[in-house]
1. Rank-order 91-99, 39-47 by packing density, defined as the average count of other C-beta atoms within 10 Å over each peptide's residues, highest first.
2. Please work out how many pairs of lysine residues in the chain are eight or more positions apart (or on different chains) and have Cα atoms closer than 21 angstrom.
3. How big is the chain by Rg and Dmax over its Cα atoms, in Å?
Amino acid sequence: MTQQPEKTEDPIYMADPEKEKQAKRLHFMVSIIRLLGIAILMLGIAISLGRLANIPAAVGYVLVIIGLAQTWVIPLVMVRSFVKQQVLEQTEKEASDETLL
């Protein structure tokens, strides 16, 4: 038989539903941006190899660079800005709590 854990009065962690929604939206946006980046990267490779009709290879090279940036750089910037915003909100909340005391 398994023993049920004891219930305590103070919870260790309570998730904020609004922050959960924001994090889910960010995750969805980052996933979509990465998938589109991979599609642009594949298109650029196909153009630069001459697989598509009458499009200069230089256009393919530019699309490869854009696809790589969209796959690696843009999601990192988005996540960092999200984390910075969350930290700023937390410090503002703590500062307002201290002024109330």
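1. Numbers: 91-99: 9.1, 39-47: 17.1.
The peptides rank, most packed first, as 39-47, 91-99.
2. Numbers: 19/84; 19/93; 21/84; 21/93; 24/84; 84/93.
Here the count comes out as 6.
3. Gyration radius and largest Cα-Cα distance of the chain: 23.1, 72 Å.
FYI, it's all coordinate maths here, none of it is from the lab. Note that the structure is a prediction, hence the values are computed from the model and not measured. Every residue, glycine among them, receives a Cβ derived from its backbone with ideal geometry; neighbour counts consider all protein chains shown.
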